[in-house]
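Worksheet for the structure shown next.
Bear in mind these aren't lab numbers, they're just calculated from the coordinates by the rules spelled out. Just so it is clear, the model here is predicted, and its values are computed rather than measured. Here the Cβ positions follow ideal geometry from the backbone for every residue, glycine too, while neighbour counts run over all protein chains shown.
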């Protein structure tokens, strides 16, 4: 019986029915995953070698020209730099803020559940809706500027989506609004997982609060923090919905992200070959980052990293 | 503040002022000690709530009263913005589409992922970890990366303008995360139970179906909730697959509405509000599942 | 991007019961048959009458046929006019069923792209002709209708018809054609002490100074959409270099020319005066540009024939600036090689998918019959290209546009439509840099040349 073959400590020779069970159970998930997740990446590599508008047959083989074009395009490097800017700001501002709020919520006081529910609320609101909402609130004659005017802070008003030097900051604010709650919840769970005894012992030993935070909380929170940072970076590299719902990459491509750039050139301008090259580059960037991160940062808690992407 | 024995949670709030002496405090004193915390909480909450409140109330304003106006509450309450939408079959059509797509996605991903997670958790075979790693790799394949070739693939399969063209990829892309949540849960079910089942003459599938799945309800609830939230909010895949307005889900509908009525902010925000309501209500009901799902892994880590 | 007919025109007509419109159309038809010959060069009044015929021809025994038709007239009056035209046609041809799919402009483009790639284009769909249509034709997605429309092709304005022809084959039919010019607020011009509309670009620049001095925003533009600025740039390149030079740039892809740089420099002269409304870089056409005009907050915009309707529907009052709205053709450039009547223009049409049944082309004929064409004019939905319908263009400003269309010796189709989608987007991108102050006139020409070389 197949039962004999399973749930035993060491691998044993399987009966045919045991193998059939394994195959049968794995097949649907594996098939969907291979065909719809992995195969497209492989195809993208192939398409990226052609000058192709997506309509005609694939005949115009141009080798790596699309990649050369991408790196020669200031728009591509611009888009990449915007992604990196979001990554940098997320690490410098969003994650520390999420940590601070997680610490805040880990205290016991009346109302903290309510606060937790509210802080996390934006996570369930779609990017598109978030984007449209803030796109309107932050118009030149939108609510935010009007509030600033009404309280006499005229100097702070901006053309939030139109000013070349401000637009990515605005974008980052909207992204943070939507996602800080997610990181906060991750970190909160990590905090609650730190054994009480450790902290108590530290405090008894005369640790100051800051020292305890610095030398105990942060290190023990390490795995969760690393996961949070990992997800933040991967998330920042694939921003699309919010850009689509707000600036569509404008003005003059000052808020393009890689994913939006790929959509713009691949689909809207019908350069499917070039768009595929961008897709491959995006994948390589994500993959490269993940490998390096896993190798040097996450090596100790890989399991933690993967188990908690939960999106 | 060193050698006191405070409740654990309080000692964690190092970055923030913490109420110090809990004992021997008057009611007012207790209130006062919580005050800084509440102020911080209210300040952060208002950053979240105020924009949402603007969306809700702007929907009641007259067209033309939204732009150039700092007031949150309408001068004159107009109900037609919401009314027109609620009475429009198009809106309900999109709600229905979102629901159907969401349920199909959840059904598919939960069935496939729990079967796979079961094998990966409880059966030993050569290549098991390879398969598992292959799935975890999927976390690095955001839909955005694969979207162009995926689109071409769906076109080849004749799945554009077909609900399956959205359901299948969505299920595929949430497969890794679902398996990753389910596997440790399945692993944690004691082997004794399985032995007992074996003695009672259960087949592998019998154990899976009659014992493991019922015991895993919390984990299944979690992954279902996460999948449905993901599907409800999804935009990129439906954008490419559905051209036909009859098939649009809510995010597409809202987006299209807002580009079509650029000047009518009141109606756009009314639509935005209405499309948020189901997600927010669902969140209120399922907050526990969502939060526990998101944190499942890091607790383990 | 909302452009072309843009379909947001909330015009007075949609308040009037449909039956009245139809009645008016018939009356107008009679009127135009007698009066409009002068306005449209090739008009032969007698042609109008027979072209009503398709409605009447009933083919009761024919096999059932379904026509898939996608259009982008999401707003009134276009939506109703198209629907009633389809209803009228199917009533006369009971075997024909017309499935209408109405899509917003942007959604339409991605949806069409999807269906083209799936090899299943709709039978009839919105088209602007030019380069996008050419790439669809190259992909074999369009039907060659040259022979099928030959019997009635002469009822369509030939210049407009040519936009939908590629390599001497006809793939679509226009139903609207106009040109881009300046729409201005007479009251604000007067307030700034401007007595006559500018005849030259230098005069226009002076007027901008006057308007600014009077505290008026001189110029409304939609920076986010890019194409309104691109049209301004095209006009100035055209005025500097002339039609032949511009055609050569489009065809050879070499934009590193004196005319191109001179055009960009002229744009820059305007941009440097900071004439645009606050937040123009993130402004979209409807909300940012048209609303500023419709609410009387800006003195002028450069836009096509659809401008009055879009201004109205986006104004707070819903009425626009009414009689204060004036029109003048694009000024000439002193020393430029381009003629004063040369124009940048374009319009809307319907292309025919590769699998379209013969009935689809017959229906297209009906859509271009005076019965429907006059409704398009009367409702300010567009400027019909059907010969002999000029009489139903009643708005004095639109009459000026129509006259300009008739006078123009050279019409450059909107550059982002005349070229391939990729090229068009690159031109929009490049010129947007001028308005954002991120590129120089020379860099713009170089960027477009580089983009063209990639093809």
Calculate how steeply helix C:227-252 sits against the longest principal axis of the alpha-carbon atoms of chain C, using the helix alpha-carbon long axis, and give the answer as 0 to 90 degrees to the nearest 10.
80 degrees
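Restricting the count to DSSP beta bridges whose residues both fall in chain C, what percent are antiparallel, rounded to a multiple of 5? Please list the in-between numbers first.
Working: 23 of 39 bridges.
Percent antiparallel among DSSP bridges in chain C is about 60.
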Neighbour counts of other C-beta atoms within 10 Å: give me C:249, C:400 arranged from fewest to most.
C:400, C:249
Cα→Cβ-extended label distance, 7 Å offset, between residue C:206 and residue B:285, nm:
7.2 nm
Partner chain coverage, peptide C:303-310 - average Cβ within 10 angstrom:
0
At R0 = 25 Å the Cβ-Cβ FRET efficiency linking residue A:117 and residue B:99, nearest 0.05, sits at 0.60
Cα centroid of segment A:129-156 to Cα centroid of segment A:26-56, whole Å:
43 Å
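Output the antiparallel fraction of DSSP beta bridges having both residues in the protein assembly as shown, as a percent to the nearest 5. All intermediate terms of the calculation are to be shown ahead of the outcome.
Working: 24 of 40 bridges.
In the protein assembly as shown, approximately 60 percent of DSSP beta bridges are antiparallel ones.
Return the inverse of the average 1/r over all pairs of distinct C-alpha atoms in segment A:52-104, which is the Kirkwood hydrodynamic radius, in Å to one decimal.
Values: mean 1/r = 0.0690 Å⁻¹.
Roughly 14.5 Å, rounded to one decimal.
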When B:75, C:104, C:289 are arranged by how many other beta-carbons sit within 10 Å of their Cβ, fewest first, they go B:75, C:104, C:289
Measure out, as a whole number of angstrom, how far apart the alpha-carbon centroids of segment C:160-188 and segment B:268-290 sit.
46 Å
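Considering every residue in B:233-240, what mean count of other chain Cβ atoms within 10 Å of its Cβ is obtained?
So the per-residue partner count for this stretch is 6.
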Along its three principal axes, how long is chain A when you only count alpha carbons? Whole Å, largest extent first please.
78, 74, 31
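Please state the relative contact order of segment A:181-265 as a whole percent: Cα pairs under 8 Å, 6+ residues apart? Numbers along the way, then the final one.
Details: 48 pairs, mean separation 19.7, N = 85.
Relative contact order for segment A:181-265 comes out at 23 percent.
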Hydrodynamic radius of segment C:335-374 per Kirkwood, over alpha carbon pairs, in Å
13.4 Å
Stretched fully, the stretch from residue C:213 through residue C:254 gains (0.36 nm per residue minus C-alpha distance, one decimal, in nm) 10.8 nm
Only counting other Cβ atoms within 10 Å, I'd like A:116, A:19 sorted with the fewest neighbours first.
A:19, A:116
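Over 24 Å apart: what share of the alpha carbon pairs of segment A:121-277 falls there, rounded to a whole percent?
Numbers: 6455 of 12246 pairs.
Distances greater than 24 Å cover 53 percent of the Cα pairs.
What number, rounded to the nearest 500 deg cm²/dmol, is the helix-based mean residue ellipticity at 222 nm of chain B, given -39500 (n - 2.57) per DSSP H run of at least four residues and division by all its residues? Working shown, then result.
Values: 12 runs with 206 residues, N = 301.
Computed ellipticity for chain B at 222 nm equals -23000 deg cm²/dmol.
Calculate, for residue A:156 and residue C:274, the FRET efficiency according to 1/(1 + (r/R0)^6) with r their C-beta to C-beta distance and R0 22 Å; round to the nearest 0.05.
Working: r = 21 Å, r/R0 = 0.97.
After rounding, the FRET efficiency stands at 0.55.
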With a bin width of 20 angstrom, please list the P(r) values of the protein assembly as shown as percents of all Cα-Cα pairs, from the 0 bin to the one holding the largest distance.
12, 40, 33, 13, 3, 0
Report Rg (one decimal) and Dmax (nearest whole number) for segment B:19-82, counting Cα atoms only, units Å.
19.2, 57
Pseudo-spin-label distance residue C:340 to residue B:196, built 7 Å along Cα→Cβ, given in nm, is 9.9 nm
Let me know the Kirkwood hydrodynamic radius for segment C:77-212, please, with Cα pairs as the basis and the value in Å to one decimal.
18.8 Å
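Which of the peptides C:94-103, B:277-286, A:102-111 is most tightly packed, and how do the rest follow, judged by the mean count of other Cβ atoms within 10 Å per residue?
So the peptides C:94-103, B:277-286, A:102-111, ranked by packing, come out A:102-111, C:94-103, B:277-286.
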Suppose each label sits 7 Å from its Cα in the direction of the beta carbon; what would the residue A:287-residue A:71 distance come out to in nanometres?
1.7 nm
Using just the alpha carbons, could you tell me how many Å³ per residue the convex hull of chain B encloses?
229 Å³
Can you give the average number of partner chain beta-carbon atoms within 10 Å of each beta-carbon in peptide A:175-186, as a whole number?
2
Which whole-number percent is the relative contact order of chain A (Cα, under 8 Å, 6+ apart)?
26 percent
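Compute the projected area of the convex hull of the Cα atoms of chain C, averaged over all viewing directions, and report it in nm² to one decimal place.
Values: hull surface 79.9 nm².
Dividing the Cα hull surface by four gives the mean projection, 20.0 nm².
Estimate the FRET efficiency between residue C:88 and residue C:358 by the formula 1/(1 + (r/R0)^6), using the beta-carbon distance for r and 22 Å for R0, to the nearest 0.05. Please list the in-between numbers first.
Working: r = 19 Å, r/R0 = 0.85.
E between residue C:88 and residue C:358, to the nearest 0.05, is 0.70.
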